[in-house]
Structures are given as structure tokens and as C-alpha cells.
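*Asks:* Below is one structure. I have some questions about it.
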Amino acid sequence: MKPDLSSLWKHSRSMRWRLPFALLASSLAVGCGQPAPEASEPSTPVADPAATLDAELASANNDPDEAPARPVVESLFAIPQGAMSKATAAVFELKLDAQREQNEQFRGKTLAMLDGTQQLLFRDDGQNGDAVAGDLLFTTSGTFDFVTLQADQQRIRDTQASSQEPLTTAVFEGRELVRTVPVTALNSSVFQVGQRVPIRPIGLATLVDPARSLIIRAPSVVNDPTRTWDPCTNAGNPTGKWTFNYLMTEMANQPFTGVAPTTFVREWLRQWEAPKTINTFVSPARPNIVPKLITPWPKLTTGELNLARSPFKLIAIVNRLDLAGANPAYGTGRAGEGRFIFAVTEGTGASCHTAPFLVILEYGVDKNDCLSIKSYAQQWQALSGLVLGSPAYNAALEALTEQFAKRDLSPRKPNRSSINQVRTNELWIGSPWELREFRLWNTTINPNSFAAPGPVLAHLNSHTVAQTPDRATKPAVFAPYVNGNVPSIVAVPPTYTVPLVWAASAFRGGRAIIPSPFGTPPFWSLPPASIPNRQARHVFSLNTCDGCHGDELATSFTHVNQNGALSPFLSGPLSFPDRADGAPIRNFNEILARQTFLDQTANQSCLSLTFLSSSAAVH
């Protein structure tokens with residue numbers, strides 16, 4: 001008899017400290033780690049959790065519900081001990097911000113960091129060159145590439161010379177724009193032996209074109225006849241690298257799993273046909289999926305879905321490097337996510353159109369070290385220098401998407417696929433607006449986060465929605481959870497993960513719903529008497545699915561809709577008063593944040609990444 005899946009999960013957790021886990025600490029993309037490949041790969045699919053538990057545990061990645069805090073850096077200096085070169089002996093001084101409560105846990109300790117392949121041990125323990133223990137001023141010795149730093153200063157000078165406005169770089173805390181800082185290139189006189197040379201986080205947003213490097217929606221791309229297929233016109237290539245057919249086929253990975261892509265997709269769609277219980281919460285059936293999607297879907301002679309004629313049209317390709325989360329400066333990092341957004345189509349001929357049923361394929365990018373992540377970022381930024389939709393541009397974009405979309409890129413993840421999750425956002429087969437999440441499963445993942453009676457190996461399974469409680473928990477559980485986790489919620493970046501269970505009550509939900517109309521105050525709000533820390537209330541609400549896609553941002557359900565239109569949140573600067581309290585006024589500029597992040601990651605020293613404090617967003 002097979003053991004209970006929950007028992008397997010408990011056994012796996014009890015063993016985890018004996019396993020060679022990668023350092024994946026992240027609250028940005030819950031459960032989205034991309035571990036490094038194993039030395040030897042299994043050649044057959046995992047079929048029996050009981051028989052393969054030890055093998056699965058041997059390739060486990062970190063528990064996604066554990067996200068250790070990162071220090072908030074105030075300043076970093078490199079002091080050259082000899083002539084400037086690409087590997088000059090240097091002393092480093094790293095100062096943590098004493099005003100940040102989360103930094104107290106690092107006082108008097110050591111911080112291990114990586115600069116490329118160089119390992120550095122910063123000390124605040126008064127030993128081996130550290131002058132004063134416990135002052136939050138960490139020191140170490142190593143080598144530093146001053147040549148590249150000097151080249152970056154020239155890049156800043158060249159950019160300023162071609163700009164009509166003074167250069168600035170934006171500073172964000174979470175998703176909020178808190179200030180812009182003037183940017184001036186370091187004077188050449190700074191680069192002298194014994195001088196303290198600042199290593200600063202600078203991202204030049206003007207050097208990143210969002211339409212070419214971040215959210216790509218141009219008709220010349222999403223209608224590329226070589227790489228896409230349009231179910232309304234039957235134009236394009238049904239097996240192109242950006243088609244729903246190709247991407248789901250690669251995700252199913254039949255040579256490894258034994259699951260045919262047609263079966264893989266049909267079983268995924270079947271999950272709307274009957275109610276699903278996820279973490280004790282019921283997601284009602286939406287049986288209209290059969291007459292509206294399954295029945296009109298073109299079929300093979302066998303009666304199976306014809307994936308080459310899938311009624312899903314590509315709407316956008318999205319670079320989410322900003323979801324990097326784990327910081328490569330502190331060990332193993334991540335390169336965020338790459339995403340494809342599809343919209344269902346309905347009707348025929350001239351009446352065929354996209355409808356409000358969006359499918360977002362969200363892939364982890366399996367790059368773990370700073371140099372690989374930096375190279376990947378440079379490739380995305382290079383798109384800003386190409387003609388949008390040109391043959392050269394589309395070929396370069398395909399080279400990027402193939403780094404996360406094709407099969408076998410992540411041997412230690414389910415199906416050996418890089419997919420993190422598939423999300424849907426729809427008001428086409430039922431009401432109200434509903435967001436769902438689906439994930440692949442193996443025995444390293446808590447089965448309780450999937451729909452009962454248990455997840456099925458090699459298939460997309462209904463899963464709890466990231467960072468979002470079920471709405472039924474608001475009266476009794478929501479406030480105690482926020483009040484009990486204020487430090488991790490307001491940390492920069494936040495380090496909390498909404499748990500499955502809180503205070504003996506099921507908490508994380510199996511879907512997010514967004515009633516219409518919605519208004520002020522936002523749904524995830526209670527009066528100050530219930531939640532005194534209003535910033536914690538706001539951050540928590542903003543990072544839920546229904547807050548991000550609903551009333552906390554006054555957003556109408558989608559950030560990219562079925563026609564490719566962007567929400568105000570993704571369209572530029574956005575300022576408005578707190579949705580619950582009327583104050584303070586908060587400033588957002590999500591696109592500027594992503595531009596800044598991409599340019600910094602692509603062009604600066606790996607050590608500059610110590611400053612990064614990306615948002616806890618997963619949406």
C-alpha cells in the first residue's frame with residue numbers, strides 16, 4: 001500500500017537538514033526555486049511516490065515557505081591596495097543600515113558573499129581585520145574588478161552627454177517608489193591606491209525600452225508567422241516556439257513523463273468541470289468550460305484535442321527578471337521568471353475575437369550564479385537596441401525564451417520543466433472574476449497545498465493561490481496573522497509567506513475572486529483597532545492576488561488584458577491615497593522599477609546586488 005501523501009511530506013521535512021539544499025531564500029515567487037541540475041539524471045519518469053521518496057529527497061530544493069531575511073545595506077566600499085586592474089587586491093567595507101530592525105540579527109556576525117567566482121566572508125565579529133565587533137560595519141579582503149567599474153562610470157558619462165535631463169536612478173521599497181537619486185559618474189581621481197571607492201547600485205532606466213525588453217506586445221512579435229499561430233485567421237506556424245501547442249507539449253515532456261500533451265492539457269482543463277477542495281476551501285465548478293471551450297476546440301480523428309489548433313492566442317511575452325528574489329551576492333540566486341500570456345478565442349471568421357480568459361505560463365529561469373544572471377540580463381537589455389519585431393529581434397527573443405520554455409532545462413523540478421506555475425484570470429466561463437493557480441508536483445512539495453484527494457504526478461494540479469488567504473478567513477484569521485507577523489511583512493524586502501494554516505485554521509486559499517464593483521476600503525482591510533500597523537495591512541493586501549488585481553490598486557482585474565492593453569499600474573507613474581485610510585499618498589511606477597532593475601543587473605558588479613531589495617510580489 002502506498003503511504004499517505006501527507007506522511008511523505010512530513011518525512012521529507014524531517015530529513016531536510018541532511019540534504020544538500022541550494023540557497024534559494026525568496027518571498028518573491030513562492031515555491032519558484034530553480035535548483036542546479038544533478039550530476040546524473042533519471043531517465044524514466046517518477047511514477048510512485050513511495051518507491052521514489054529517497055531519490056526525490058536527494059534532489060530537493062529549499063522549503064518554499066522558509067524565506068530568511070536579507071540585510072539592508074547602507075554603503076559598500078572597495079579600497080584598492082595596488083594598481084587598478086580586473087583583479088586588484090582590495091579591502092572591502094560593508095555598512096548595514098542601523099535604522100532597519102531586520103539588521104539586528106546580523107550584528108556581530110559574518111556575511112558570506114560571492115563576487116563572480118570569488119567567495120568573500122565579511123566580518124563584524126572583531127576578528128581577522130574587523131576593527132570593532134557588533135558595529136554593523138563588516139570588513140573583508142579579496143580582489144575587485146576596478147576596470148569594469150571604471151567602464152561603467154564612462155557609460156554613465158556617455159548617457160548623461162546624450163540626455164537632455166539630469167541622470168537619476170530610482171529607489172523602491174517593495175513596489176513603492178520612495179525617491180530618485182541623482183547619478184554622477186565617479187571622478188577618475190577616486191581610483192587611487194588606498195582610496196575608498198564606492199560600489200553603488202545604479203540602474204539607468206532610460207537605457208531599457210519596456211516595449212522591447214520587458215512587456216512585449218507588438219503585433220510584429222505576437223503575430224510572428226514563424227513562431228506563433230492565430231486561431232482566428234489560421235495564420236502562422238501551429239508548432240512555432242511561441243504557440244500554446246509547443247509550450248504545453250514541452251511542459252508535458254512526454255519522453256520523460258509518458259503523458260501525451262493532449263492528455264496533459266485535457267486533464268488540466270477538466271479541473272473546472274467539478275468542484276475542487278484546496279486546503280479545505282472549495283473552488284466551485286465552472287461547467288461552462290465544456291460548451292464554451294472543450295466542445296468547439298478542434299479535435300483529432302481520435303477525438304482528442306488538436307493542440308495544433310488550440311484556441312489560445314499569444315498576447316504578450318514578459319520578462320520578470322525583477323522576481324529574482326534570492327540574491328546571488330549571498331550565494332545561489334535566481335533570474336526571476338519568463339512569462340507567456342495567452343487569451344482564449346471564440347467565434348469564427350470575422351466574428352472571432354479574444355475573450356476574458358487569460359492563461360499565464362510562468363517559468364522560473366534556471367540560472368543560479370551572478371555571472372549567468374548578468375549575462376541573461378544583458379541579453380534582455382540588448383533587445384532595446386534592435387528594431388522591434390524585426391527578424392533579428394524576434395530571433396534574439398526566441399533565443400531568450402528557449403532558455404526557460406523548452407523541456408529538460410530543470411532536471412530537479414517536476415517534469416524536468418522550468419514552469420513554476422500556470423495562472424488563469426477569467427470571467428468567461430463563470431462569475432465573479434476568478435484567479436486560479438496550477439502547479440506540477442513531486443514528493444518534495446507539500447501535497448496539502450494541492451486539491452484533494454491529492455496531486456497527480458506529471459500533471460498540472462489545482463494549487464493554492466500565492467500569498468492570498470481565502471476570503472472566508474477575513475473575520476477571524478486575517479488580523480491576527482498580520483499583527484503577529486509585522487516585522488516580516490514590513491521588512492525590505494518582505495520575508496513572509498502566507499501559510500497554509502495559521503492558528504490552527506486553514507488560511508491560504510484555493511482561488512482568488514474579485515467581485516464587481518469593488519471600492520474603498522479594499523477587501524483586505526480592517527480598522528486600525530484591528531490592525532494597528534497600517535503599512536503592514538497595505539503590504540499584505542497589495543501582495544495578494546485579489547489586492548494586486550483589484551481594490552488595493554484600483555485595478556480592473558487584469559494588468560494585461562485579452563487585447564494586450566495595460567492597466568494603469570503597468571502604464572507609468574501612479575499615485576493615490578491609501579485605499580483604506582486615505583493617507584498616506586503612495587507613489588508607484590512598476591515599469592520604472594523593472595527598467596532600473598534590469599539595467600543594474602546587466603551592467604554592474606555582482607557586489608552591487610547586495611543592495612537589491614526587490615518587492616515580495618508574485619503577481
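*Asks:* Greater than 24 Å separation of Cα atoms is the criterion. Which listed pairs, LYS367/LYS406; LYS109/LYS413; LYS276/LYS299; LYS95/LYS367; LYS299/LYS413; LYS241/LYS413, meet it?
*Replies:* LYS109/LYS413; LYS276/LYS299; LYS95/LYS367; LYS299/LYS413
*Asks:* Oh, and also: Per residue Cα convex hull volume for region 357-503, in cubic angstrom?
*Replies:* Roughly 184 Å³ of hull volume per residue.
*Asks:* Give me the accessible area per residue for the chain, probe 1.4 Å, as a whole number in Å². If you can, show how the numbers build up before the last one.
*Replies:* Values: 23440 Å² over 619 residues.
Ligands and nucleic acids excluded, the result is 38 Å² per residue.
*Asks:* Related question: With a 1.4 Å probe and all protein chains in place, put THR302, THR228, THR168 in order of accessible area, largest first.
*Replies:* Listed by decreasing accessible area, they come as THR302, THR168, THR228.
*Asks:* While we're on this one: If you wrap region 233-374's Cα atoms in a convex hull and average its projection over all directions, what's the area in nm²?
*Replies:* 11.7 nm²
*Asks:* Here's another thing I want to ask about it. Carbon-plus-sulfur fraction of the accessible area of the chain, 1.4 Å probe, in percent?
*Replies:* Carbon-and-sulfur percentage of accessible area, whole number: 56.
*Asks:* If you don't mind, there's one more thing I want to ask. Count charges around PRO527 for me, please; just the other residues with Cβ under 11 Å from its Cβ, Lys/Arg as +1, Asp/Glu as -1.
*Replies:* Here the charged neighbours net out to +1.
*Asks:* Another one. Need one number: nm distance between label points at THR159 and THR233, each 7 Å from Cα along Cα→Cβ, rounded to one decimal.
*Replies:* 3.8 nm
*Asks:* For region 539-619, take every pair of Cα atoms, bin their distances at 5 Å starting from 0, and report each bin as a whole percent.
*Replies:* So the P(r) values, bin by bin, are 3, 13, 20, 23, 17, 12, 8, 3, 0.
*Asks:* In percent, what relative contact order does the chain have, based on Cα pairs under 8 Å that are 6 or more apart in sequence? Let's see the in-between values first.
*Replies:* On the way: 1351 pairs, mean separation 112.9, N = 619.
Result for the chain is 18 percent.
*Asks:* What number in nm² do you get for region 446-534 if you take the convex hull of its Cα atoms and divide its surface by four?
*Replies:* That works out to 7.5 nm².
*Asks:* While we're here: How much length is gained if the chain between ASN483 and ALA392 is pulled fully straight, taking 0.36 nm per residue apart and subtracting their Cα-Cα distance, in nm to one decimal?
*Replies:* In short, 27.5 nm is gained.
*Asks:* According to a simple spin-label model (label point 7 Å from Cα along Cα-to-Cβ), what is the distance in nm between ASP125 and LEU269?
*Replies:* 6.0 nm
*Asks:* Per residue, how big is the convex hull of region 120-201 when only Cα atoms are used? Give it in Å³.
*Replies:* 147 Å³
*Asks:* In a shell of Cβ-Cβ distance under 15 Å around SER505, excluding SER505 itself, what net charge do Lys and Arg (+1) and Asp and Glu (-1) give?
*Replies:* Computed value for this residue: +2.
*Asks:* Give me Rg over Rh for region 485-610, both radii from the alpha carbons and Rh done the Kirkwood way, two decimal places.
*Replies:* 1.00
*Asks:* Per residue Cα convex hull volume for region 372-424, in cubic angstrom?
*Replies:* Numbers: hull volume 5.8 nm³, N = 53.
Enclosed volume per residue, from the Cα hull, is 110 Å³.
*Asks:* Only four residue types carry charge here, +1 at the Cβ of Lys and Arg and -1 at the Cβ of Asp and Glu. Report the dipole size of region 471-619 about the Cα centre in Debye, rounded to the nearest 20.
*Replies:* Dipole size: approximately 300 debye.
*Asks:* If you don't mind, another one. Evaluate the charge dipole of the chain about its Cα centre and quote only its size in Debye, nearest 20, assuming +1 on the Cβ of each Lys and Arg and -1 on the Cβ of each Asp and Glu.
*Replies:* Roughly 740 debye for the chain.
*Asks:* If you don't mind, another one. If I take R0 = 22 Å and measure r between the Cβ atoms of ASN288 and ALA554 in this structure, what FRET efficiency does the formula 1/(1 + (r/R0)^6) give, to the nearest 0.05?
*Replies:* Calculated transfer efficiency: 0.15.
*Asks:* Kirkwood-based Rg over Rh for the chain (C-alpha set), two decimals?
*Replies:* Result for the chain is an Rg/Rh of 0.96.
*Asks:* Please give, to one decimal in nm, the separation of the simple spin-label points placed at ASN587 and THR110, each 7 Å out from Cα toward the Cβ.
*Replies:* It is 4.2 nm.
*Asks:* Checking the cross-link filter: which aspartates and glutamates have an alpha carbon closer than 18 Å to that of LYS86, excluding same-chain neighbours under 8 positions apart?
*Replies:* Hits, sequence-local ones excluded: ASP115, ASP145, ASP152.
The values are calculated or read from the model by the stated rules, or taken from the named source; none is laboratory data. Everything numeric here is computed off the predicted structure, so don't read it as measured data. All Cβ positions, even for glycine, are placed from backbone atoms using ideal geometry, and neighbour counts span all protein chains on display. Side chains are part of the model used for accessible areas, which takes the heavy atoms of the whole protein and leaves out ligands, DNA and RNA. Shrake-Rupley method; radii C 1.70, N 1.55, O 1.52, S 1.80 Å.
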